[in-house]
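Contents: one structure, followed by commentary.
The values are calculated or read from the model by the stated rules, or taken from the named source; none is laboratory data. Because the structure is predicted, anything quoted here is derived from the model rather than measured. Here Cβ is always computed from backbone atoms with ideal geometry, including for glycine, and neighbour counts include all displayed protein chains.
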Amino acid sequence: MDFNLDKDLVFFDVEATGLNVIKDRIIQIGLIKYKKEGGEPIELEMLINPGIPISEESFAVHGISASDVANKPLFPHVAQEIFEFIGDSDLSGYNLNRFDVPILMEEFYRANISFDVNIRRIIDVQTIFYKMEPRTLVAAYKFYTGQKLVGAHDALEDVRATAAVLKGQLERYKDEDYETRDGQILEKPIRNDMAALYEFTNDKRTVDVTNRLKYDPNGEIVFNFGKYIGQPVGAVLSRDKQYFNWIQEKDFSIQVKETVKKILMDYEKERS
């Protein structure tokens, strides 16, 4: 199928040092341009030296190390080439509204290039996917059982439907392997074994249900929010008791409050 275009369309994706569109930097960009007059699409790909460290979490996803980009150009040195490649094209990609477009705009701004998104249409493929394949219980029930859910949003009916969905998932995926984002293969993780399902559905990096605390790659509990994001909870709170009191007084979950309290006590006990 050829795209029906009234102007050029550029698909693009970036890899970055992290997930903060303001503070993080692009380390790789890939673009494919479809011309409105047709013909073979044009591709452009480059590695970019971000000038700042690459987070371990991001490296685990894309596998691009500091040494891979050490001798690559900084973004300002390639900004004009990327800008001219895009031109006045419309843009498309996966989840680009939340991440790729904002971080690219910030990079262009730092390179003193005005990248106006108002002159172009943005087509986010993820949005189409989510709208056409909604992740609701009603949609899941229909997908896994082939039936229409009657009585949705009645608590007991929803519970019955959820049990039916799990049974459908166990049957549908019983012989399927799963590939993680970093390329690891999990053999048949969806099986009629509650321990196995727990392992598959829970992120072991998460400490609390509100995701305010998490384990870093070394297994240490760090903050997942605020000015100390990524820093060890025990060490931070030991030197900043005011921050500890702030957490205890604000609208954090009781799980977070009790967890940081215990971490602080254990940390200071070990050093006493």
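Numbers at a glance
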item: Unmet criterion (only one of (1) of a type outside the set (K, R); (2) within 30 Å of S238 (Cα to Cα); (3) touching a strand residue (DSSP E or B) at 6+ places or on another chain (Cβ under 8 Å); (4) part of a loop (DSSP other than H, G, I, E, B)) for P189; result: (2)
item: Members of segment 85-98 found to be within 24 Å of the chain's Cα centre (by Cα) and surrounded by fewer than 18 Cβ atoms within 10 Å (Cβ to Cβ), listed by number; result: Y94, N95, N97, R98
item: Enumeration of residues in segment 166-190 that are out of contact with any Ser or Thr (no Cβ under 7 Å at 6 or more places or on another chain), farther than 30 Å from I64 by Cα and surrounded by 14 or more Cβ atoms within 10 Å (Cβ to Cβ); result: L166, Q169, L170, Y173, I190
item: Qualifying residue in segment 128-139 (condition: aromatic (F, W, Y), over 18 Å from F12 (Cβ atoms) and assigned to a helix (DSSP H, G or I)); result: yes
item: Options Q169, Q147; residue that is part of a helix (DSSP H, G or I) and not basic (K, R); result: Q169
item: Identity of the residue in segment 1-30, out of contact with any strand residue (DSSP E or B) (no Cβ under 9 Å at 6 or more places or on another chain) and under 19 Å from A79 (Cβ atoms), that ends up surrounded by the most Cβ atoms within 10 Å (Cβ to Cβ); result: V21
item: Segment 102-119 residues that are closer than 16 Å to V10 by Cβ, paired with ones that are polar (S, T, N, Q) and assigned to a loop (DSSP other than H, G, I, E, B) (beta carbon under 8 Å, 6 or more apart); result: F108/S114
item: Yes/no for D154 being at pLDDT below 95, loosely packed, with under 14 Cβ neighbours inside 10 Å and outside the structural domain of D24 (by TED's automatic domain parsing); result: yes
item: Subset of segment 53-97 [in a helix (DSSP H, G or I) and more than 19 Å from S114 (Cα to Cα)]; result: E56, E57, S58, F59, A60, V61, H62, A66, S67, D68, V69
item: Of all residues in segment 218-253 being modelled with pLDDT under 95, surrounded by 11 or more Cβ atoms within 10 Å (Cβ to Cβ) and of a type in the set (G, A, S), the one that is farthest from the chain's Cα centre (by Cα); result: S253
